[in-house]
Structures are given as C-alpha cells and as structure tokens.
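Have a look at the structure below before the remarks.
The values are calculated or read from the model by the stated rules, or taken from the named source; none is laboratory data. Computed from a predicted model, the values in this text were never measured in an experiment. Backbone-built Cβ (ideal geometry, glycine too); neighbour counts: all protein chains shown. The area values use the complete protein model at the heavy-atom level, side chains included, leaving out ligands, DNA and RNA. Shrake-Rupley method; radii C 1.70, N 1.55, O 1.52, S 1.80 Å.
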Amino acid sequence: MAYPLQLGLQDATSPLMEELIQFHDHTLMIALLLSTMVFYTILTTVTTKLTNKNMLDSQGIETIWTIAPALILILIAMPSLRVLYMMDEVNNPHLTVKTIGHQWYWSYEYTDYKNLEFDSYMIPTQDLIPGQFRLLETDHRMVVPTDSPVRMLITADDVIHSWAVPTLGEKMDAIPGRLNQTTFVVSHPGVFYGQCSEICGANHSFMPISVEAIPLIHFEDWSTSMLAKI
C-alpha cells in the first residue's frame, strides 16, 4: 500500500515485482555512478586552468569513451531482457481469470468454473466503513490463491483501460477487440490495490482494482460459496 510522500516503490508481493525492484536498483546505481563521474568532470573542467596537451588528441581516450558506454548499455540490457522474458512467460497456470474493463468498473470471469463471474464497483465514500480506503475499495474483490500461478486475460468493452496493481508488478492494457495475457504469483496473503492507469473518461479515477490473496484451501471454500449464491 502506498503512503504519502513515498519515494520508493511499493513492497513486492510477487516474485516478478521483486525482480523489477532489483532491476530498478541495479539501473539506478549505474545512473548514479555515471552522474557522479560526469559532475566531477564538469566541475574539474570549470574550476582548473591546467591543460594537458597530450589529452587534446588521444586515440586511447577516444577508444575508452566509445567502448565504455557500450559496456554500460550491456550491463543494463541483459537484466532488462531477463525480466521482460519472465513477464511474458505463462507456464501451467493454476487459475485463469478474465477481466473486462467497462466505463467505469471491472468484470471478472473465473473461466475454470462454470458461471463464476461478477462485477466490481468502487464503494462510494459515504458507504465506507472504518479501515477501508477511499477510492480503492470495491464491493467485490478479485480473490486468488497464494503461491499459485494466475493467468489474467484482459480486454475492454468500450474504450482502452489498463489493469494495474503496482505491488504485484502488473500493468496490462485492456483494449476492445483484443485479448491480452499476463501472469503473476502472489507470495503471501493480503489485499492489494490498484487503479485503471489509462485516462478512460470522466470517472477514470473511480475505477479501482482490489485483489485479495488467500491460501488455496480458503480459496476453494470461497469459490464454493460464490457458486452457491448463483
């Protein structure tokens, strides 16, 4: 859960988000070192009047400042490609959930169950109970089991939306006429929040996402109770 004046990323609740945070820290450290070196070079150039005539034409230095940026780009690109492939891999999901974006709510369909589907609307401010978060709580949460690969099939019914839950490291556009796919594994129980991250209309900011992760045995009880209500 994000908090006011937060500078860093939200705590990871999935292995994919842990990888994204590690890649972020890796790249940020390289950028910090480069910025420090460039700032030191500029400061030295401005504050000193010394001139080394051998530096005015040096093939060795030209070779270094050509090869060094290429090596730095490789140091950034290789981990980036690894994370990209991890985000695209979908291996034997235990559960498939189809979500459809509407103006301005989400619909969820559990395709492994017959007729298990529901709409998820934001709870109005006046109906919130103590402890619930304004603009983030929904009347029906998307419930998933922990430690189980979950495949998300994402589309939209009217305009472009985006299903995004930062703490899970998930952000996928919901496009009318197109079915996008992503996957995640929740590492521990909890309730995780997100919002549509596309400007999809007047009520764009009132289209929250709430994901509740529970142990598998409790998920089976939840699915049984939901099917009994239909």
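Largest GNM mean-square fluctuation among 126, 181, 22, using the chain with Cα springs under 10 Å: 126.
When a/c is below 1.5 the answer is rounded, else prolate if a/b is larger than b/c, else oblate, so apply that to the stretch 15-88 with a ≥ b ≥ c taken from the square roots of the Cα gyration tensor eigenvalues.
oblate
Relative contact order for the chain: what is it in percent, counting Cα pairs under 8 Å that are at least 6 residues apart? Relative CO of the chain lands at 21 percent. Across the chain, Cα-Cα distances exceeding 27 Å account for 47% of all pairs. Solvent exposure of the chain amounts to 62 Å² per residue of accessible area, where only protein heavy atoms count and the probe is 1.4 Å. Computed over the stretch 169-230, relative contact order equals 27 percent, with contacts defined as Cα pairs under 8 Å that lie 6+ residues apart. A Förster radius of 25 Å, combined with the Cβ-Cβ distance separating residue 218 from residue 126, puts the computed FRET efficiency at roughly 0.20. Among the trypsin sites (Lys or Arg not before Pro) in the stretch 1-88, those located in a DSSP loop and surrounded by at most 11 other Cβ atoms within 10 Å of their own Cβ are 49. Can you tell which of 199, 42, 100 shows the greatest fluctuation in a Gaussian network model of the chain with Cα springs below 10 Å? Among 199, 42, 100, the largest GNM mean-square fluctuation belongs to 42. In order along the stretch 128-138, the phi-based Karplus estimate (6.51 cos²θ - 1.76 cosθ + 1.60, θ = phi - 60°) of 3J(HN,Hα) comes to 5, 9, x, x, 8, 9, 5, 6, 10, 7, 10 Hz; Gly and Pro are listed as x.
The trypsin sites (Lys or Arg not before Pro) found in the stretch 108-145 that occupy coil by DSSP, while having at most 11 further C-beta atoms within 10 Å, are 114, 134.
Looking at the chain alone, DSSP beta bridges between its own residues are antiparallel in about 70 percent of cases.
Around the amide H of residue 116, modelled in the peptide plane, lie the amide H atoms of 110, all under 5 Å away and 5 or more residues distant in sequence or on another chain. Accessible surface of residue 84, taken over heavy atoms with a 1.4 Å probe and every protein chain present, rounds to 90 Å².
Calculate what fraction, in whole %, of the accessible area of the chain sits on carbon and sulfur atoms when a 1.4 Å probe is rolled over the protein chains. Could the numbers behind the result be given before it?
Working: 8830 of 14350 Å².
The nonpolar share, carbon plus sulfur, comes to 62 percent.
Remark: spin-label model distance residue 82-residue 111 equals 3.1 nm, labels positioned 7 Å along the Cα→Cβ axis.
Peptide packing for 61-69, 149-157 was compared via the average number of neighbouring C-beta atoms within 10 Å per residue; ordered from the highest value, the list is 149-157, 61-69.
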